[in-house]
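Here's the structure we're looking at; comments come further down.
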Amino acid sequence: MTRPLWIKHASQLATLLSTQKGPRTKEAMSELGIIEDGSLWIEDGIVKAVGTTEELEKQFSGRIPEAEIYDASGYLVTPGLVDPHTHVVYGGSREREFEMRLEGATYMEIMNAGGGIHATAQMTREATEEELIRQTTKRLDSFLEHGVTTVEGKSGYGMDLETEIKQLRVMKKLREQHPIDLVPTFMGAHAVPSEYKGREDEFVEYIIDEMLPIVAREKLAEFNDVFCEKGVYTPEQSERILEAGKRYGLTPKIHADEIEPYGGAELAAKVGAISAEHLLKASDEGVKMMAEAGVIACLLPATALYLREEAAKGRKMIDAGVPVAISTDCNPGSSPTTSMPLVMNLACISMRLTPAEALTAATYNAACAIQRVDKVGSLEVGKQADIVLWDVKDYRELQYLFGVNHVKAVWKKGVQVVN
Ligand code: NIG
Ligand code: FE
């Protein structure tokens with residue numbers, strides 16, 4: 001039995017409690033459930049009570065001497081941030097492509113010339129499992145230092161059975177070794193491997209007949225993602241892969257309408273995807289269909305900035321009733337960052353989310369997008385004690401004082417992992 005932990009006197013405790021059930025939409029995205037002079041009582045890694053310091057003082061009066069006390073006076077407390085979309089397991093790096101893009105090359109030109117995802121696939125195929133664990137651990141440590149306690153991770157830098165499985169196994173091992181909860185997604189359809197150029201449908205069949213059954217049998221993934229984009233996978237091919245995944249119990253996600261409008265948002269609604277990602281060029285009709293079907297828009301403003309593209313229309317999507325989550329998209333090509341605080345800043349600056357909406361998008365809605373909202377994404381009795389203490393007094397300062405890491409301390413399942 002570990003000692004109870006009592007975090008008290010937070011200037012603001014943003015619990016993220018709201019009356020709306022399920023992914024938050026419209027006004028509910030602004031409900032942060034703020035408690036002034038807030039307090040949390042934690043036992044065995046679980047939140048046992050939430051309230052004002054005065055309330056918890058009364059409730060636990062007989063047990064205060066046994067508790068470890070953390071005085072959060074002057075600090076903001078929030079749930080641990082959740083990053084619902086990353087490609088965090090990869091070999092090598094691509095700084096030369098960054099230069100090439102600044103010199104005028106486009107993301108797709110580089111990829112079609114054998115660089116981009118293909119270059120990382122080559123380096124990931126060559127890396128040993130140990131090397132991938134070492135590189136990914138560094139990135140996960142950085143996520144924690146930026147207040148992120150749950151991270152989704154995709155395969156997709158193999159596009160051959162062996163490397164896809166290697167990436168997913170690395171995630172499984174890291175789940176046991178690292179404090180961060182790493183949620184696995186299979187993304188065999190991340191690009192068309194050069195061996196299959198011109199024979200795309202054959203690779204689609206290969207994914208469906210050979211890869212998905214093994215991923216499912218070994219329980220290596222919970223989600224199935226596809227890069228549905230002109231020149232990569234058509235909506236029809238994407239649908240086949242996602243429907244096949246559903247038969248194996250994998251929930252669909254889609255990289256949709258990133259570079260060109262291509263019916264990705266519409267497809268997300270049609271197949272009942274839990275989320276559609278990117279959506280820079282999503283059509284109005286697609287956005288409407290997502291709102292009706294309750295598909296979460298997982299928006300990636302750091303990727304848009306890094307590719308020097310206009311960000312997705314986050315404001316418009318929220319107003320249209322789409323639940324919005326945000327993410328780093330951490331990957332070596334289009335968004336080599338682990339900073340969710342920066343992503344929240346950009347959600348406000350480039351997509352006109354309010355500071356409250358940005359925090360909801362990075363916690364509660366992000367947890368919904370990876371089906372973890374029963375455990376994380378808000379500070380409620382019975383949920384995991386994944387907590388961030390920020391060196392600001394008011395939640396709006398997190399976005400107002402931008403480009404700065406305000407993290408002061410982080411607890412994962414009640415254990416302090418950053419101090
Ligand atoms: O989400 N768009 C496709 N996939 C990644 C980029 C991967 C890479 O460039 O290595 C993304 O942006
Ligand atoms: Fe991505």
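The values are calculated or read from the model by the stated rules, or taken from the named source; none is laboratory data. Predicted, not measured: the structure shown is a model, and the values here were computed from it. Glycine also receives a Cβ, built like all others from the backbone with ideal geometry; neighbour counts cover every protein chain displayed.
Please go through (1) surrounded by fewer than 22 Cβ atoms within 10 Å (Cβ to Cβ); (2) within 16 Å of ligand 1 (Cβ to nearest atom); (3) of a type in the set (D, E) for E162 and return the number of the only condition it doesn't satisfy.
Evaluating E162 over (1) surrounded by fewer than 22 Cβ atoms within 10 Å (Cβ to Cβ); (2) within 16 Å of ligand 1 (Cβ to nearest atom); (3) of a type in the set (D, E) leaves (2) as the failure.
Looking for something within 24 Å of D37 (Cα to Cα), modelled with pLDDT of 95 or more, in contact with a His (Cβ under 9 Å, 6 or more places away or on another chain) and buried (at least 24 other Cβ atoms within 10 Å of the Cβ) - is there at least one such residue anywhere in the range 394-404?
Filtering the range 394-404 down to residues within 24 Å of D37 (Cα to Cα) leaves 394-401.
Keeping just the survivors that are modelled with pLDDT of 95 or more gives 394-401.
Filter once more, so that each one left must be in contact with a His (Cβ under 9 Å, 6 or more places away or on another chain): 397-398.
Those left that are additionally buried (at least 24 other Cβ atoms within 10 Å of the Cβ): 398.
Yes: one or more hits.
Checking E109 against (1) within 20 Å of V192 (Cβ to Cβ); (2) surrounded by fewer than 20 Cβ atoms within 10 Å (Cβ to Cβ); (3) within 12 Å of ligand 1 (Cβ to nearest atom), which test does it fail?
Single failed check for E109: (3).
Which ones in the range 302-330 are within 12 Å of ligand 1 (Cβ to nearest atom) and crowded, with 24+ Cβ neighbours inside 10 Å?
Within the range 302-330, A302, T303, S327, T328, D329, C330 meet the criteria.
Filter the range 120-149 down to residues that are within 26 Å of M211 (Cα to Cα) and not in a helix (DSSP H, G or I) and give me whichever is farthest from ligand 2 (Cβ to nearest atom).
Among those residues, the one meeting the criterion is T128.
Is it the case that the range 364-372 has a residue that's farther than 17 Å from F402 by Cα, of a type in the set (S, T, Y) and either within 16 Å of ligand 2 (Cβ to nearest atom) or touching a helix residue (DSSP H, G or I) at 6+ places or on another chain (Cβ under 9 Å) (or both)?
To start, the set of residues in the range 364-372 that are farther than 17 Å from F402 by Cα comprises 364-372.
Those still in the list that are of a type in the set (S, T, Y) too: 364.
From what is left, the residues that are either within 16 Å of ligand 2 (Cβ to nearest atom) or touching a helix residue (DSSP H, G or I) at 6+ places or on another chain (Cβ under 9 Å) (or both) are 364.
Among the residues of the range 364-372, at least one is farther than 17 Å from F402 by Cα, of a type in the set (S, T, Y) and either within 16 Å of ligand 2 (Cβ to nearest atom) or touching a helix residue (DSSP H, G or I) at 6+ places or on another chain (Cβ under 9 Å) (or both), which makes the answer yes.
Go over the candidates R308, R315 one by one and state the one that is more than 22 Å from N112 (Cα to Cα), more than 16 Å from ligand 2 (Cβ to nearest atom) and among the basic types (K, R). Can you show your working first?
Working: R308 fails: more than 22 Å from N112 (Cα to Cα).
When all the criteria are applied, what remains is R315.
Would you please name the residue that is farthest from G314 (Cα to Cα), looking only at residues in the range 326-349 that are of a type in the set (G, A, S) and away from ligand 2 (no atom under 13 Å from the Cβ)? Give the derivation first.
Kept after step one, since they are of a type in the set (G, A, S), are these residues of the range 326-349: 327, 333-335, 339, 347.
If we keep only those that are away from ligand 2 (no atom under 13 Å from the Cβ) as well, we get 339, 347.
On the way: S339: 19, A347: 8 Å.
The qualifying residue farthest from G314 (Cα to Cα) is S339.
What are the pairs, 6+ residues apart or on separate chains, where a residue within the range 43-68 that is free of Cβ contacts under 8 Å to residues at least 12 places away in the same chain and of a type in the set (D, E, K, R) has its Cβ under 7 Å from a residue that is surrounded by 16 or more Cβ atoms within 10 Å (Cβ to Cβ) and part of a loop (DSSP other than H, G, I, E, B)?
From residues that are free of Cβ contacts under 8 Å to residues at least 12 places away in the same chain and of a type in the set (D, E, K, R), there are no pairs.
Can you confirm whether G188 is within 15 Å of ligand 2 (Cβ to nearest atom) and crowded, with 24+ Cβ neighbours inside 10 Å?
Values: within 15 Å of ligand 2 (Cβ to nearest atom): yes; crowded, with 24+ Cβ neighbours inside 10 Å: yes.
Yes.
Output the qualifying pairs, or none if there are none: Cβ atoms under 6 angstrom, residues six or more apart or on different chains, first residue in the range 329-358 and closer than 18 Å to K138 by Cα and in contact (Cβ under 8 Å) with a residue 12 or more places away in the chain, second residue away from ligand 2 (no atom under 13 Å from the Cβ) and β-branched (V, I, T).
Short answer, once both residue conditions are applied: C330/T338; M340/V148.
Could you figure out which of (1) more than 16 Å from ligand 1 (Cβ to nearest atom); (2) more than 28 Å from V82 (Cα to Cα) isn't true of A216?
With (1) more than 16 Å from ligand 1 (Cβ to nearest atom); (2) more than 28 Å from V82 (Cα to Cα) applied to A216, the lone miss is (2).
Return the total of residues in the range 207-222 being surrounded by fewer than 24 Cβ atoms within 10 Å (Cβ to Cβ) and either within 16 Å of ligand 2 (Cβ to nearest atom) or among the basic types (K, R) (or both).
Matching residues across the range 207-222 total 2.
When you look at S155, is it among the small types (G, A, S), closer than 25 Å to P341 by Cα, more than 16 Å from ligand 2 (Cβ to nearest atom) and touching a residue at least 24 places away in the same chain (Cβ under 8 Å), yes or no?
When the stated conditions are applied, S155 does not pass them.
Which is more than 21 Å from A304 (Cβ to Cβ), touching a Ser or Thr at 6+ places or on another chain (Cβ under 8 Å) and touching a residue at least 12 places away in the same chain (Cβ under 8 Å), of E222, E285, E239, E243? Steps first, answer last, please.
Numbers: E285 fails: touching a Ser or Thr at 6+ places or on another chain (Cβ under 8 Å); E239 fails: touching a Ser or Thr at 6+ places or on another chain (Cβ under 8 Å); E243 fails: touching a Ser or Thr at 6+ places or on another chain (Cβ under 8 Å).
Answer to the check: E222.
Considering Q167, Q177, which residue is surrounded by fewer than 15 Cβ atoms within 10 Å (Cβ to Cβ) and touching a residue at least 40 places away in the same chain (Cβ under 8 Å)? Walk me through how you get there before you give the answer.
Values: Q167 fails: surrounded by fewer than 15 Cβ atoms within 10 Å (Cβ to Cβ).
Answer to the selection: Q177.
Is it the case that some residue within the range 288-299 is within 14 Å of ligand 2 (Cβ to nearest atom) and under 18 Å from N224 (Cβ atoms)?
yes
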